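To start, the structure under review is shown below, and the notes come after it.
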Amino acid sequence: MKRVVILAACAVSVAAGVYLLLPRRQGAAPIDAAIKSSWASAAPEWQARLAQDETQRVCSQYRNAPPKAVADAIVAREKATIQYPADGNLKGDWQKGETLAQSGYGGRFTDYPRRAENGGNCYACHQMDGKELSFGTLGPSLREYGKIRKFAEPEVKAVYERIYNPHAAIPCANMPRLGAAKFLTIEQIKDLVAFVMSPESPVNK
């Protein structure tokens, strides 16, 4: 099954990779200028994405390997952004979560004006369903993730938090802050948690 790649995210990822290959004396200026010029005709809300927040700025400064004190500050700051469901239930519908995991909708210029809900695009980085043939390897395999962890409630919470804001667990994580950035709703995140952590989900078969 083909996966939709979020083009904007890929462009930034490629640029970040090139930046890491540059000699330190060159810094980020050439890459910053190239990205800014390529987005010159983008809508203002897209151009606003070029402005880094504090965590992004610090992670860029330390090339995703901040010293402990800085890393601890990132984790503390990002943990404070996590919002939980009002009813305390962290798992939703795994079948809806499966659909979300397969969808990369919402991160491309052509997705505006929006005609569908944003997707998680999880397969771009993770192996999940054992029958799926197309998946990325930037992130770890999630095969049998819940089963291995005996579907324990603390693990359910950890998955919710990791999807909502991965920087709260791993400073300068590669994974996007899907909840903190308001890209996915709390209900969508609950559905993704169910896909990863439900015994009935194909992830755990």
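The values are calculated or read from the model by the stated rules, or taken from the named source; none is laboratory data. Since this is a predicted model, take the numbers as computed values, not measurements. Positions of Cβ are generated from backbone atoms using ideal geometry, with glycine treated the same way; all protein chains shown enter the neighbour counts. Calculation scope for accessible area: heavy atoms of the full protein, side chains included, ligands and nucleic acids excluded. Shrake-Rupley method; radii C 1.70, N 1.55, O 1.52, S 1.80 Å.
Using alpha carbons only, how many degrees (0 to 90, rounded to 10) separate the axis of helix 153-164 from the longest principal axis of the chain? Orientation of helix 153-164: about 30 degrees from the principal axis.
Within the accessible area of the chain, the carbon and sulfur atoms contribute 59%, probe 1.4 Å, all protein chains present.
Computed extension gain for Arg57 through Thr137, at 0.36 nm per residue and net of the alpha carbon distance, reaches 26.3 nm.
The residues of the chain expose, per residue, 57 Å² of accessible area to a 1.4 Å probe. Put the Cα centre of the stretch 39-108 next to the Cα centre of the stretch 167-186 and the gap is 3 Å. Between the Cα long axis of helix 7-21 and the first principal axis of the chain there is an angle of about 60°, rounded to the nearest 10.
If contacts are Cα pairs under 8 angstrom and at least 6 residues apart, what is the relative contact order of the chain in percent?
In percent, rounded to a whole number, it is 27.
Around the Cα centre of the stretch 91-169, unit charges on the Cβ atoms of Lys, Arg, Asp and Glu (plus for the first two, minus for the last two) sum to a dipole of about 40 debye. Computed from point charges on the beta carbon alone (+1 for Lys and Arg, -1 for Asp and Glu), the dipole magnitude for the chain about its Cα centre is near 520 Debye.
Taking N as the number of residues in the stretch 56-205, what value does Rg over Cα atoms divided by 2.2 N^0.38 Å take? Against the empirical 2.2 N^0.38 Å value, I get 1.05 for the stretch 56-205. Residues whose amide H falls under 5 Å from that of Ser103, counting only those 5 or more places apart or on a different chain, are Gly120, Asn121, Cys122, with hydrogens built in the peptide plane.
3J(HN,Hα) along the stretch 53-66, derived from phi through the Karplus expression 6.51 cos²θ - 1.76 cosθ + 1.60 where θ = phi - 60°, amounts to 7, 4, 5, 4, 4, 5, 5, 5, 4, 9, 6, 6, 9, x Hz, with x in place of Gly and Pro. The angle between the Cα long axis of helix 68-79 and the main principal axis of the chain comes to about 60°, on a 0 to 90 degree scale. In this simple spin-label model, placing a label point 7 Å from the Cα along the Cα-to-Cβ direction at both Ala73 and Lys36 gives a separation of 2.5 nm. Peptides 102-111, 38-47, 127-136 ranked from most to least packed by the mean count of surrounding Cβ atoms within 10 Å: 102-111, 127-136, 38-47.
Tell me, what is the FRET efficiency for Glu155 and Thr81 to the nearest 0.05, using R0 = 22 angstrom and their Cβ-Cβ distance as r? Computed FRET efficiency for Glu155 and Thr81 comes out at 0.55. Among 146-155, 192-201, 53-62, sorting by the average number of other beta carbon atoms lying within 10 angstrom of each residue, highest first, gives 192-201, 53-62, 146-155.
From helices alone, the chain scores -12000 deg cm²/dmol at 222 nm; the rule is -39500 (n - 2.57) for each run of n ≥ 4 DSSP H residues, then divide by the residue total.
Each part reduced to its alpha carbon centroid, the stretch 144-160 and the stretch 189-205 end up 9 Å apart. Net length available on complete extension from Lys205 to Thr110 is 30.6 nm, with 0.36 nm assigned per residue and the Cα-Cα distance removed.
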